[in-house]
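Asks: After the structure tokens below, expect a handful of questions from me.
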């Protein structure tokens, strides 16, 4: 007999609460019990990820879909995503090392989340899997429902903790003892989460994403102003800041992704629900036109590092995100330029971009896009082509962090070193299992570094020109830093001086002898500080300049020319310190 309206609500609540409780039990079993019982860690990863994926996607779709349809769809999505994640895990011999890379987990989550709106819309007779208003609505509804449910879970545990504290006042520990049963917190969290989702499903007319979407639109003018100032100030301030690598690229990509989100919220589901005022529509169009600038600059920043050091998994991940952002930016800017039905075309573009991201996430978990293998091949190609020497290879990372591909790369390097033509490479491979020896072994083992030190001594100016054991300073540096210094010395300044300088002065009066500062041109600017200790100079790991990476090539040239010409001096810094017992604390300006 079909359930009536009076029985359907409690039945739905009970079903989702039980489902959440089962999810909690499953999580507890995998975390505390099965990890030691299942010896095959690849099988363990598949079962864990499939179970987690099933419950997460089922709870997201139950409500918009019937329980049966939600279960079938969740099994399909979770099973495929878990299988791909497990397949990718064979890139590593150790599952823990695989999971530490993080990138596959991001792809796994994308494969769980992005198909859900398509599956929900595709199984509803009044919609269809490409119906943008339905996709937009289901996407944001999932976000809001989960956010509201987890907020309720947080409040629930706050009440529980207060109850425990109150019972402790009168000497009752029954509640605390109950919570200390190892599986109880997992089960309670799952039950409360499922119950909260059931209640949210009943109140879809009240708990909707429209408030959040309207609030997000308020950020659009702010982001537009920030991006516009950045873009128009760029020609004045130059590209040096952009060329600082992945840190800058991540900022650019984050701002671009934020702009994409704001543009999507502005065009909403339909023209009737989109922003209506002429000013807001113009600002949305302007932000869409500026978006390609952010994406291109992010690509330039990433490529700058790739060109200098080759591909790594992190750079491949950043490059993948940049490619997606660039595709979004081209779609948004081009449809705005065409003007006709530009909002409808943005919505259509969002559908295709979502499918593209799903496809990219699949590729990331297949051999078609193995970041460790691509990175290893990149490093080996640069070495064999003579673009870098042995010290330009990050052998430690390749051997320990790049899985089976990295180990295969190490074997290839062993074959190359067998020829005897690369003594530095032999030393690096010998010290592979003892990274602490790498720093000291390389400069002493390779004749090249002895010659390089002598070359640096011949060309690098020393200020003031009095006796100081520069060779002692250089002997404290590993070979790859000597390479950087020599490259900087070869970059002439505007006044024709070598692009490097060594300065020494008594900067720390409490220590005997002079301290040493070494500068060399490059991206980033090279700076090393040395302090005398036990008759030798030791790298101090301190910087004198505030943000030296911000110096462009001309500024670097001016600083080095000023140092060589004697336009430097010693001035006291007025500081007071705070002594607390045996510690002395100062605030540096």
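Each reported figure results from applying straightforward, stated rules to the coordinates on display, with no laboratory input. Remember, predicted model here, so these are calculated numbers, not experimental data. Every residue, glycine as well, gets a Cβ built from its backbone with ideal geometry; the counts of neighbours run over all protein chains shown.
Asks: With everything on Cα atoms, drop me the angle between helix 479-490 and the longest principal axis of the chain, reported from 0 to 90° to the nearest 10.
Replies: In the chain, helix 479-490 runs at an angle near 70 degrees to the longest axis.
Asks: How do the peptides 275-281, 561-567, 170-176 rank, highest first, by the average count of neighbouring beta carbon atoms within 10 Å per residue?
Replies: Values: 275-281: 12.1, 561-567: 14.6, 170-176: 10.6.
Output ranking for 275-281, 561-567, 170-176: 561-567, 275-281, 170-176.
Asks: Using r as the Cβ-Cβ distance of residue 314 and residue 7, and R0 as 51 Å, what FRET efficiency do you calculate, to the nearest 0.05?
Replies: 0.40
Asks: Once you place label points 7 Å from the Cα toward the Cβ at residue 105 and residue 385, how far apart are they in nm?
Replies: 3.4
Asks: Going highest first, how would you order 205-211, 492-498 by mean Cβ packing within 10 Å?
Replies: Top of the packing list down: 492-498, 205-211.
Asks: Find the centroid of the Cα atoms in region 44-76 and in region 251-329, then give the distance between the two in whole Å.
Replies: Between the Cα centres of region 44-76 and region 251-329 lies a distance of 31 Å.
Asks: Which whole-number percentage describes the relative contact order of the chain, with Cα contacts under 8 Å and a sequence gap of 6 or more? Show your work: numbers first, answer last.
Replies: On the way: 709 pairs, mean separation 61.2, N = 589.
Here the relative contact order equals 10 percent.
Asks: Can I ask one more? Return the label of the correct value of P(r) over Cα pairs in 20 Å bins from 0, in percent, as calculated from the structure shown, out of [x] 15, 38, 34, 13, 1, 0; [y] 19, 58, 22, 1; [z] 20, 54, 25, 2.
Replies: [x]
Asks: Would you mind checking region 188-220 for residues with the amide N under 16 Å from a putative spin-label position 7 Å along Cα→C-beta of residue 32?
Replies: Taking a point 7 Å out along Cα→Cβ of residue 32, the residues of region 188-220 whose backbone N falls under 16 Å are 188-191.
Asks: Another question, then. Pulled fully out, how much extra length does the chain show between residue 76 and residue 124, if you take 0.36 nm times their separation in residues and subtract their Cα-Cα distance?
Replies: Values: separation 48, 0.36 × 48 = 17.28 nm, distance 1.75 nm.
Roughly 15.5 nm would be gained on extension.
Asks: Give me the percent relative contact order of region 213-348, please, defined on Cα pairs under 8 angstrom at least 6 residues apart. List each step's numbers first, then the result.
Replies: Values: 132 pairs, mean separation 43.3, N = 136.
The normalised contact order for region 213-348 reaches 32 percent.
Asks: For residue 202 and residue 404 in one chain, what is 0.36 nm times their gap in residues minus the Cα-Cα distance, to one decimal in nm? The partial results should precede the final answer.
Replies: Working: separation 202, 0.36 × 202 = 72.72 nm, distance 5.02 nm.
67.7 nm is the gain from fully extending residue 202 to residue 404.
Asks: Starting from the Cα gyration tensor of region 283-370, take the square roots of the eigenvalues, sort them a ≥ b ≥ c, and report rounded, prolate or oblate (rounded when a/c is under 1.5, otherwise prolate if a/b is larger than b/c, else oblate). Before the final figure, lay out the partial values.
Replies: Details: a/c = 4.23, a/b = 1.54, b/c = 2.74.
Because a/c hits 1.5 or more and a/b fails to exceed b/c, region 283-370 counts as oblate.
Asks: Next question, about the same structure. What order, most packed first, do the peptides 470-476, 151-157 have when packing is the mean number of other Cβ atoms within 10 Å of each residue? Display every interim value, and only then the final one.
Replies: Values: 470-476: 17.4, 151-157: 14.4.
Listed from highest to lowest mean packing, they are 470-476, 151-157.
Asks: Using a Förster distance of 25 Å, how high is the FRET efficiency between residue 22 and residue 163, based on the Cβ-Cβ distance and rounded to 0.05?
Replies: On the way: r = 25 Å, r/R0 = 1.01.
Once the sixth-power term is evaluated, E becomes 0.50.
Asks: Could you tell me whether region 5-208 comes out rounded, prolate or oblate from its Cα gyration tensor? Rule is a ≥ b ≥ c as square roots of the eigenvalues, rounded for a/c under 1.5, then prolate if a/b exceeds b/c, otherwise oblate. Could you put the intermediate results ahead of the total?
Replies: On the way: a/c = 2.16, a/b = 1.09, b/c = 1.98.
Since a/c reaches 1.5 but b/c is at least a/b, the shape of region 5-208 is classed as oblate.
Asks: Over the Cα atoms of region 213-348, how large are the radius of gyration and the largest Cα-Cα distance (Dmax), in Å?
Replies: 15.6, 50
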